[in-house]
1. Please go through region 177-208 and pick out each residue that is outside any helix (DSSP H, G or I) and out of contact with any helix residue (DSSP H, G or I) (no Cβ under 6 Å at 6 or more places or on another chain).
2. Look through region 187-207, keep the residues that are within 13 Å of Val113 (Cα to Cα), in contact (Cβ under 8 Å) with a residue 24 or more places away in the chain and not charged (D, E, K, R), and return whichever of them is surrounded by the most Cβ atoms within 10 Å (Cβ to Cβ).
3. Return the residue satisfying two criteria in turn: it lies in region 1-10 and is in contact (Cβ under 8 Å) with a residue 12 or more places away in the chain and either assigned to a helix (DSSP H, G or I) or touching a His at 6+ places or on another chain (Cβ under 7 Å) (or both), and of such residues it is most open to solvent (accessible area, probe 1.4 Å).
4. Kindly evaluate Ala181 against the criterion of being open to solvent by less than 80 Å² (accessible area, probe 1.4 Å), under 18 Å from the mean Cα position of the chain (by Cα) and at pLDDT below 95.
5. Just need a number here: residues in region 149-169 that are outside any strand (DSSP E or B), open to solvent by 40 Å² or more (accessible area, probe 1.4 Å) and either among the hydrophobic types (A, V, I, L, M, F, W, C) or in contact with a strand residue (DSSP E or B) (Cβ under 8 Å, 6 or more places away or on another chain) (or both).
6. Mind listing just one residue for me: the one in region 102-131 that is in a helix (DSSP H, G or I) and aromatic (Phe, Trp, Tyr) and, of those, farthest from Phe39 (Cα to Cα)?
7. Within region 11-96, which helices (runs of 4 or more DSSP H) (wholly inside it) include 3 or more residues that are under 15 Å from Ser111 (Cα atoms), β-branched (Val, Ile, Thr) and open to solvent by less than 30 Å² (accessible area, probe 1.4 Å)?
Amino acid sequence: KPDVKPYLDWLRKDVPLLLDSVPDIKPLLSIEGEIWARFYSSFKVILPEDFTINKRVKRPPDNPMNALISFGNTLLYTKTITQIYHTHLDQTISFLHEPAERRFSLSLDLSEVFKPIIVYKTIFDCVNNRKLTVEKHFDKSFNYALLNDDGRKIFISEFENRMNQTFVHPRLKRRASYHQAIRLDAYKLTKFMMEGKDFIAFDMEKQA
């Protein structure tokens, strides 16, 4: 889509320059916020009108797309928590999101790099291939801002299919699922803390 090109050019050319001058986490999160805002604004070009959004609204979601994003993120957080349990990491101690005693904030950190390739790829597939429609799969009584039972079943099935897909992992040099990729990032974080090895998060562009 030609209309998306300015956003992609900014992402590829300007953002790396911005990151080079980041002194700490707060301005980094500000850049991340701008990336997400421009990403959401591109939905009007790449998605049907029923699924476009003006801004991200979480609690509660206010339209079908925000409902899908919130539901998909929740599923991913749960999967990430499961993988972290296979390590010695403390779920409540995070490095980007504010740590909280009653929140597994580490899963929020580790899942960030997987959102585009798992959550959003699932959403785009469901929406653009009309596996989900506003009329059939969202609750009208909640202003279409909540998936109904059929909608949740479809999305969960597509999400699980995505999680179980395999690819040649750039580090393992063999086929792996996204479950394994998330756990490997948790292991890499452990090695960073215990052995001082650089933590390089999963990079979807390096997939074979």
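1. Gly196, Asp198, Ile200, Asp203, Gln207, Ala208, listed by residue number.
2. It comes out as Phe202.
3. Among them, the one singled out is Asp3.
4. Criteria met by Ala181.
5. Here the count works out to 4.
6. Initial filter on region 102-131 (in a helix (DSSP H, G or I)): 105-128.
This time we only want the ones that are aromatic (Phe, Trp, Tyr), so: 114, 120, 124.
Working: Phe114: 15, Tyr120: 11, Phe124: 13 Å.
Going through the qualifying residues, I end up with Phe114.
7. 64-84
The values are calculated or read from the model by the stated rules, or taken from the named source; none is laboratory data. Quick caveat: nothing in here was measured; it's all calculated off a predicted structure. With ideal geometry, Cβ positions are generated from the backbone for all residues, glycine too; neighbour counts draw on all protein chains shown. Surface accessibility is based on the protein's heavy atoms, side chains included, excluding ligands, DNA and RNA. Shrake-Rupley method; radii C 1.70, N 1.55, O 1.52, S 1.80 Å.
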